[in-house]
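The values are calculated or read from the model by the stated rules, or taken from the named source; none is laboratory data. Everything quoted here is computed from the prediction, not taken from an experiment. Positions of Cβ are generated from backbone atoms using ideal geometry, with glycine treated the same way; all protein chains shown enter the neighbour counts.
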């Protein structure tokens with residue numbers, strides 16, 4: 001039994017609608033649960049910093065900035081990597097919404113760093129020390145070549 005032209009048209013339209021609905025539901029689920037690749041730097045006018053996390057995930061009602069490191073952790077995250085991730089937490093919170101922590105992902109381990117009042121104060125003290133030149137000069141002069149804080153330390 002052959003389908004009439006009208007029945008075939010209706011069947012094709014319903015198929016297209018179902019395909020569209022499936023695609024729409026899948027797209028929303030993936031974008032909310034997994035990741036937002038950052039292409040544009042985030043700006044904090046309150047802290048006077050700019051940065052771009054490697055990735056921002058969303059879990060529930062919170063955003064989670066992720067920073068990938070090519071080196072190994074040797075079991076513990078480095079202090080300057082934590083400060084960088086905390087800066088990304090502040091940037092993400094101010095530009096996107098609530099953050100309850102971030103992730104430092106080394107090649108051998110990952111660490112979840114909480115974003116709370118204590119870590120916020122720590123980050124702001126690091127930024128203040130860097131701007132005042134109180135952080136001390138690094139012994140690794142090669143790091144100075146690409147450091148954006150050269151005007152603060154005078155090196």
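Figures for the structure shown
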item	result
The stretch 77-103: number of residues that are in contact (Cβ under 8 Å) with a residue 12 or more places away in the chain and either assigned to a loop (DSSP other than H, G, I, E, B) or outside the structural domain of residue 124 (by TED's automatic domain parsing) (or both)	5
Residue 8 more than 25 Å from residue 119 (Cα to Cα) and at pLDDT below 75	yes
Among (1) under 24 Å from residue 39 (Cβ atoms); (2) in contact with a strand residue (DSSP E or B) (Cβ under 8 Å, 6 or more places away or on another chain), the one test that residue 111 misses	(1)
All positions within the stretch 104-117 that are part of a strand (DSSP E or B) and more than 12 Å from the chain's Cα centre (by Cα)	110, 111, 112, 113, 114
Close pairs from the stretch 132-148: first closer than 18 Å to residue 79 by Cβ, partner assigned to a loop (DSSP other than H, G, I, E, B) and at pLDDT below 70, Cβ under 7 Å, at least 6 apart	137/155
Complete set of residues in the stretch 57-67 that are farther than 24 Å from residue 147 by Cβ and out of contact with any helix residue (DSSP H, G or I) (no Cβ under 6 Å at 6 or more places or on another chain)	57, 59, 60, 61, 62, 64
Residues within the stretch 58-76 that are closer than 18 Å to residue 116 by Cα, touching a residue at least 12 places away in the same chain (Cβ under 8 Å) and part of a loop (DSSP other than H, G, I, E, B), tallied	1
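Residue by residue, here is whether (1) at pLDDT below 90; (2) closer than 21 Å to residue 99 by Cβ; (3) loosely packed, with under 10 Cβ neighbours inside 10 Å holds:
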| residue | (1), (2), (3) |
| --- | --- |
| 19 | yes, no, no |
| 23 | yes, no, no |
| 28 | yes, no, no |
| 37 | yes, yes, yes |
| 51 | no, yes, no |
| 56 | no, yes, no |
| 59 | yes, yes, no |
| 67 | no, yes, no |
